[in-house]
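Worksheet: the structure to be examined is printed underneath.
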Amino acid sequence: MSSGSACSSGASPVLVAMGYSSGVSQRVVRISSSWSTCHADWQALTAAMIDAYAELQRDAAASVASVISI
């Protein structure tokens, strides 16, 4: 997993070109796989992301921040 392209930090030029703001493009999580990535790996990633999203929602409910999905 990565929060930006392999060779840069900051806003993704591709996402900015697609119309996303610089701020949004800096919050994107990029997920890559390889030939050795198996079904169990994807299931574990999915479960971890669901758990993280639920935790962010709980934290946001207790603050003035918000959790957004695109």
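The values are calculated or read from the model by the stated rules, or taken from the named source; none is laboratory data. What you see is a predicted model; the values in this text were computed from it and never measured. Heads up, the Cβs are rebuilt from the backbone with ideal geometry, glycines too, and the neighbour counts pull from every protein chain shown. The area values use the complete protein model at the heavy-atom level, side chains included, leaving out ligands, DNA and RNA. Shrake-Rupley method; radii C 1.70, N 1.55, O 1.52, S 1.80 Å.
How many nm is it between the label spots at Val14 and Met49, if each spot is 7 Å from the Cα in line with the beta carbon?
Here the modelled spin labels are 1.5 nm apart.
Return the sequence-ordered ³J(HN,Hα) values of region 16-23 in whole Hz as given by the Karplus equation 6.51 cos²θ - 1.76 cosθ + 1.60 applied to θ = phi - 60°, using x for Gly and Pro.
Ordered by residue, 3J(HN,Hα) equals 4, 5, 7, x, 7, 5, 4, x Hz.
In the full protein assembly as shown, how much of Asp59 is accessible to a 1.4 Å probe, in Å² to the nearest 10?
Using a 1.4 Å probe on the heavy atoms, I get roughly 90 Å².
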